[in-house]
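The values are calculated or read from the model by the stated rules, or taken from the named source; none is laboratory data. Quantities reported herein were computed from a predicted structural model and do not represent experimental measurements. FYI the Cβ positions are ideal-geometry reconstructions off the backbone, even for glycines, and counts take in every protein chain you see. These accessible areas exclude ligands, DNA and RNA; they are computed on the full protein's heavy atoms, side chains included. Shrake-Rupley method; radii C 1.70, N 1.55, O 1.52, S 1.80 Å.
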Amino acid sequence: MSLSLSAAQPAEPADAVDGVWLECIACGDTFAPFEEICYTCDSCDGLLEVRYADLPTFDDFSGTGVWRYAAALPLESGVSIQEGATPLYEVPRLEADVGVEALRIKHEGMNPTGSFKDRGMTVGVAVAKELGADRLACASTGNTSAALAAYGSRGGMETLVLLPAGKVAAGKIAQASLHGARILEVEGNFDTCLDIVQDLAEGGEAYLLNSLNPFRLEGQKTIGLEILEAFLADYGEVPDRIVLPVGNAGNTSALYKAFRELVQAGELEVDDVPKLTGVQAEGAAPMVEAIENGADEVRRWDEVETRATAIRIGNPVNAPKALPGIRETGGTAVAVSDEEITAAQRDLAEEGIGVEPASAASVAGLRELRAEGVVSDDERVACLTTGHLLKDPDAAAAAGVDPEPVPGETAGVLDHLEQ
Ligand code: F0G
């Protein structure tokens, strides 16, 4: 089995429900959705994908936000806080500086809880409800926990989040806390948290809402659909390339799936599919290593470190879905330093766009690839910025200018300004 752009639409199996089923990407076994809880294949432990008997065309989409794309999703509606429909900013100075034909920033930090995770949660939490789950859980570098806490409590369910102790940005913990999640601070990194939460889910303790959950990635497809629709409206063509930060490679997998489904529906030519280009921090770059070595499997990095704590991940669980996505679309993967990430965070801030460090990795990676000549000057590019500046106020303050103490009277302030 391989996740090819030219794969034919699979036949509907007997266990499909209303034209929807789950299929293992490794062995092809199929499973009924919404009945028994399964995250990976019962037969071979491979990753699962949601499949549809009917794939929509652009004409089937109406309304706004994630649920505009209901025809491409496993349910008709979800537990919603009006997620999606995020801005696709023009950045004329940055575009000229990087030196590409067009550069647009898809700012996912403008979602309800400040990251793209909301798109997955509106679907995933609705499926959890359908399955009758009463407790939801995730491991997280922060954003998933914020989104799960908000959507879980809106859906009336308990939430449990496992975070790597001391490595989660302040804004994210504050969100999980106020939305009422039970927060476990684990001694260990994100990958350890994910190992534990998978054990808990297998033991029936909670319903797992990490990106291993195939339903969550369905919601995240809508990032790709929004970008494509906007480029078609503005330029008459889809973008040449989409650059995105990579942690567990869930978004990379989701965007690739959106493109495959559009190809199967006859809406997109294989040659026109945007080149998926992943960016990791140098201190946590197992996907980049696999792409550079032409490897089929990703080596787990036990030691990871980066200022971009959201992508401080050594074992990208969605690699079997994402590696073919990067390769089949003619994309690539690149690692950037923490200094390059901070510089890109400032570049975006100069255009009025406030992002957390992991988000700026996409712009830093584009710069790097442009300098290497991998990206050419005639390309139209969309960079994904995945989380809002306020997620990590400490990183923003460290990258920005320092406040200046002044006396509490105008003359003193004027004096100070003249210095
Ligand atoms: N950017 C941000 C801001 C993130 O929070 C994450 C992942 C990524 C990029 C990477 O996305 O996993 O789809 O490749 N954050 C997860 C979390 C791991 O727990 O919040 P990916």
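Roll a 1.4 angstrom probe over the protein heavy atoms and tell me the percent of accessible area of the stretch 117-216 that is carbon or sulfur.
Reported share for carbon and sulfur atoms: 43 percent.
At 1.306 mPa s and 10 °C, plugging the Kirkwood radius over alpha-carbon pairs of the stretch 359-419 into Stokes-Einstein gives what diffusion coefficient in µm²/s?
Stokes-Einstein gives a translational diffusion coefficient of 103 µm²/s.
Report ³J(HN,Hα) in whole Hz for each residue of the stretch 10-15, in order, from the Karplus equation J = 6.51 cos²θ - 1.76 cosθ + 1.60 where θ = phi - 60°; Gly and Pro get x.
So the Karplus estimates, Gly and Pro as x, are x, 6, 6, x, 5, 8 Hz.
Subtracting the Cα-Cα distance from 0.36 nm times the residue separation, let me have the gained length for Asn293 to Asp415 in nm, one decimal.
37.9 nm
With θ set to phi - 60° and the Karplus curve 6.51 cos²θ - 1.76 cosθ + 1.60, what are the ³J(HN,Hα) couplings of the stretch 137-149 in order, to the nearest whole Hz, using x for Gly and Pro?
For the stretch 137-149, the Karplus curve yields 9, 8, 8, 7, 8, x, 5, 4, 5, 5, 5, 4, 4 Hz.
For Cα pairs less than 8 Å apart in space and 6+ apart in sequence, what is the mean separation divided by the residue count of the stretch 209-267, i.e. the relative contact order in percent?
42 percent
If the cut-off is 25 Å between C-alpha atoms, which lysines fall inside it for Lys321, apart from same-chain ones fewer than 8 positions away?
The qualifying lysines are Lys106, Lys117, Lys221, Lys257, Lys275.
Report the relative contact order of the chain, percent, no decimals, based on alpha-carbon pairs under 8 angstrom and at least 6 residues apart.
17 percent
Testing the spin-label approximation: label points 7 Å from Cα along Cα→Cβ at Glu36 and Arg300. State their distance in nm.
2.6 nm
Whole-Hz ³J(HN,Hα) for each residue in the stretch 232-248, computed from phi via Karplus 6.51 cos²θ - 1.76 cosθ + 1.60 with θ = phi - 60°, x for glycine and proline: what do you get?
Once θ is set to phi - 60°, the couplings for the stretch 232-248 become 4, 5, 8, 10, x, 9, 6, x, 6, 8, 10, 10, 9, x, 10, x, 7 Hz.
Does a label point 7 Å from the Cα of Asp394, set along Cα-to-beta-carbon, have any residues of the stretch 138-181 with amide nitrogen under 19 Å, and which are they?
Taking a point 7 Å out along Cα→Cβ of Asp394, the residues of the stretch 138-181 whose backbone N falls under 19 Å are 140-146, 162-178.
So for the pair Phe58, Ala7, with labels modelled 7 Å out along Cα→Cβ, what separation do we get in nm?
2.5 nm
Taking the highest mean first, how do the peptides 357-368, 396-407, 335-346 order by number of other beta carbon atoms within 10 angstrom per residue?
Descending packing order for the listed peptides: 357-368, 335-346, 396-407.
In nanometres, what is the gap between the two model label sites at Ser177 and Tyr235, each 7 Å from Cα along Cα-to-Cβ?
Here the modelled spin labels are 4.3 nm apart.
Does the stretch 117-216 come out rounded, prolate or oblate by the C-alpha gyration tensor, with a ≥ b ≥ c the root eigenvalues, rounded set by a/c under 1.5 and, if not, prolate when a/b is larger than b/c and oblate if not?
Judged from the Cα gyration tensor, the stretch 117-216 comes out oblate (a/c at least 1.5, b/c at or above a/b).
Quick one: net charge around Leu103, please, counting Lys, Arg +1 and Asp, Glu -1 for every other residue with C-beta under 13 Å from its C-beta.
Summing Lys/Arg as +1 and Asp/Glu as -1 gives -4.
For the chain, state what percent of all Cα-Cα pairs lands in each successive 20 Å bin, counting from 0 Å until the bin that includes the largest distance.
Per 20 Å bin, starting at zero, the Cα-Cα P(r) for the chain comes out as 28, 59, 11, 1, 0 percent.
Please work out the ratio of the alpha-carbon Rg of the stretch 264-365 to 2.2 N^0.38 Å and round it to two decimals.
Output field value: 1.16.
Amide H of Thr332: which non-local residues (sequence gap of 5 or more, or other chain) have their own amide H closer than 5 Å, using H built in the peptide plane?
Thr277, Gly278
Leu103's amide H: which non-local residues (gap 5+, or another chain) put their own amide H closer than 5 Å, with H modeled 1.01 Å from N in plane and none for Pro or chain starts?
So Leu103 has HN proximity to Val91, Val381.
Please identify the GluC sites (Glu not before Pro) of the stretch 11-82 that satisfy two criteria: DSSP loop assignment and at most 10 other Cβ atoms within 10 Å. Which are they?
Glu36, Glu76
How much length would be gained if the chain were fully extended between Glu372 and Glu187, taking 0.36 nm per residue of separation minus their Cα-Cα distance, in nm to one decimal?
62.7 nm
Over all directions, average the projected area of the Cα convex hull of the stretch 284-342 and note it in nm².
Dividing the Cα hull surface by four gives the mean projection, 4.2 nm².
For Arg241, list long-range residues whose amide hydrogen, built 1.01 Å from N in the peptide plane, is under 5 Å from its own amide hydrogen.
Lys275, Arg380, Ala382
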